[in-house]
Structures are given as structure tokens and as C-alpha cells.
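Participant: Right, I'll just put the structure down here and ask away after.
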Amino acid sequence: MTPRATGLAFALLAVTIFSIQDGISKHLADNYPAIFITMMRYWAFAAFALLLASRSRGGISGTATTPRPALQIFRGVLLSVQIVVAITSFAVVGLASSQAIFQSAPLIVALLSMPLLGERVGWRRWTAIAVGFLGVLLILKPEAGGFDISLLLPLTGAFLYSLYSITTRLASRTDTATTSFFYTGVAGALAISLVGPFYWISFEGNDIYWMLCLCVSGVVGHYLLIRAFDYIDAVIVQSMSYLQLVLVTLIGVFIYNETLGFNMIVGSMIVVCAGLFTIYREARTGRRAVKIDPPGEI
């Protein structure tokens, strides 16, 4: 296989595994608190981050060295909160609708990049942002009855992840990707462990095996994602992450019997197209694409 084909294969496998992870999260979230599930996932993620740090140049102490510790810790805590919101959304709103709204994150990032990063956004990206949010409004528009306030959950998740992406870009100005990855796992694990034990519930039936699958899938998915970045540009990996919407929707429909309304289908297509164009324009204008995790994933 060529390096490009190898990178695409790694990225496709990572997206597929993350989609399966969302499906397992939905199953567990129907029976266990989202904070408890997130804590278990973060323990596995932190162990993986520590392993990578120990094998890097300078070891754990060298990896943990940063001129902006407060920013790095804030990033880790922020993502842990976002994961809790995402898992709650899977249980309350559903996989398909949640993922559709999560895909608006690149649009929110572009919007926040102006005041927080000082970046300029041209008229093309402004147009993509406006069209994309029209797609979000179409998804949020109720097909019958009043507005479903629970839809604010995935919208909050998309905003939190966008803020996490912005802080990741800020951190990348002074820190390596290895250092940022380390703090994402370790700081997040420490933060969620302060509250997670209060939500501890004993597993029933085979759920402990599902939790193990969830933890393993997170570690494997991130390893594959890291390998993908070794072979192909970050902008390509980011674009492929939109496949997650398709895969998660299939899981929601065929396993959890979710239904797809006309508004959600059309709105999702608009959001995805606007997001892809935003990523494309960012790459064209020469801005450095940051290696970040897929929405809601560890």
C-alpha cells in the first residue's frame, strides 16, 4: 500500500471504531450515569496517554513540561465535560440526531476563531457558516408539536467541543501534540475522578464487558488516528470524520430503532457540506490544521 492509502485506511478504521464506541456508549447510557461511563473511559485513556508519554523523548516529565499548564489543564477538564454531555445526549436525544448536531463543530470553531484566535474569516467561510447554521436550525425545527428542549444537549456538546478545539490551537503555539495529548488524558481523568465515584453503580449482566469494549475501542481508535496523522494531512483526516455521522446513523436506525425525519436528513447534508467547505477553505488559506480528536471522542 502507498503511504496515502495506509493513512486513509488508518483513518477509516479509527472513524469506524469511534462510531461503534458511540453505539456502545448509547447502550450503557440507558442504564448508567454518563459521569460514571466517562470516568471509566478516561481511566483507560489516561493510561494510554501515560504510556505514550513514557516512551517519548524526555519521558513523562519532559512531556508534561509546558509554559501554559493552566490552559492545558483547562483543555483536559473541558473535554471531560463535553464527553459527559455527549453521552447524556445519546441517551436522551438519540445517536443520529446528536451526531448530526455535533457536526456543526467546525462551523462554530470558525466563528470562535475570530475573537479568540484573532483569525480573519473571509466571505466564503462566512457564507458556509451561515448556510451551515441554517442546516442546524432545520435539524432543530420540530416536525410536530413544540420545540424539544432536549436538543440543546447536543448543541451544548458541539459548542464545548468547539471551545476545546480552539484551546487546542492556542496550546499548539507553544506545546507539542504529545504534550497536549498527555494533558487531555491525564487532566481529564483527574477531574472526572473527583466526581465520578459518587455516581458509581455496579454492573449488571454483560455490561462490564461492554464497558471493557468501550475502553479498548477508545484506546485503539486513538492509536489508529495517531498513525493516520503520520501518513496523511490533518485536513484529510478531519474531512473523513464526517463518515462517522453516516455510520452512527446506521447504528441508531438498525440497532436502536431511531427514525430519521426529513428535517434531520436535509439539515445534516447541509451541515456536512458547509463543514467540509469550511475545512477546505481553512486549508487553502494556509492555516495550519490542528490534530484534534473527533467530536465527543476519547
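Participant: Which of the residues belonging to segment 112-124 are touching a residue at least 40 places away in the same chain (Cβ under 8 Å) and either closer than 23 Å to Q244 by Cα or not charged (D, E, K, R) (or both)?
Facilitator: The answer is L112, S113, L116, L117, G122.
Participant: Can you name the condition, by its number, that G146 falls short on among (1) at pLDDT 85 or above; (2) more than 20 Å from the chain's Cα centre (by Cα)?
Facilitator: Result: G146 fails condition (1) only.
Participant: Take the conditions touching a helix residue (DSSP H, G or I) at 6+ places or on another chain (Cβ under 6 Å) and either over 20 Å from I83 (Cα atoms) or crowded, with 16+ Cβ neighbours inside 10 Å (or both) and apply them to A177. Does it pass?
Facilitator: Spelling it out, it is not the case that A177 is touching a helix residue (DSSP H, G or I) at 6+ places or on another chain (Cβ under 6 Å) and either over 20 Å from I83 (Cα atoms) or crowded, with 16+ Cβ neighbours inside 10 Å (or both).
Participant: Restrict the check to segment 183-195 and report whether at least one residue is surrounded by fewer than 20 Cβ atoms within 10 Å (Cβ to Cβ), among the polar types (S, T, N, Q) and under 15 Å from S80 (Cα atoms).
Facilitator: yes
Participant: Moving to a separate point now. Go through (1) surrounded by 21 or more Cβ atoms within 10 Å (Cβ to Cβ); (2) free of Cβ contacts under 8 Å to residues at least 60 places away in the same chain one by one and return the number of the condition T63 breaks.
Facilitator: All conditions are met except number (2).
Participant: Could you look through segment 10-59, keep only residues that are buried (at least 17 other Cβ atoms within 10 Å of the Cβ) and either aromatic (F, W, Y) or free of Cβ contacts under 8 Å to residues at least 24 places away in the same chain (or both), and pick out the one that is nearest to V253 (Cα to Cα)?
Facilitator: Here the answer is F18.
Participant: Here's something else I'd like to know. Can you name every residue in segment 211-227 that is farther than 19 Å from L51 by Cα and crowded, with 19+ Cβ neighbours inside 10 Å?
Facilitator: The one that is farther than 19 Å from L51 by Cα and crowded, with 19+ Cβ neighbours inside 10 Å: M211.
The values are calculated or read from the model by the stated rules, or taken from the named source; none is laboratory data. Computed from a predicted structure; not experimentally measured. Cβ atoms come from the backbone with ideal geometry, glycine included; neighbour counts cover every protein chain shown.
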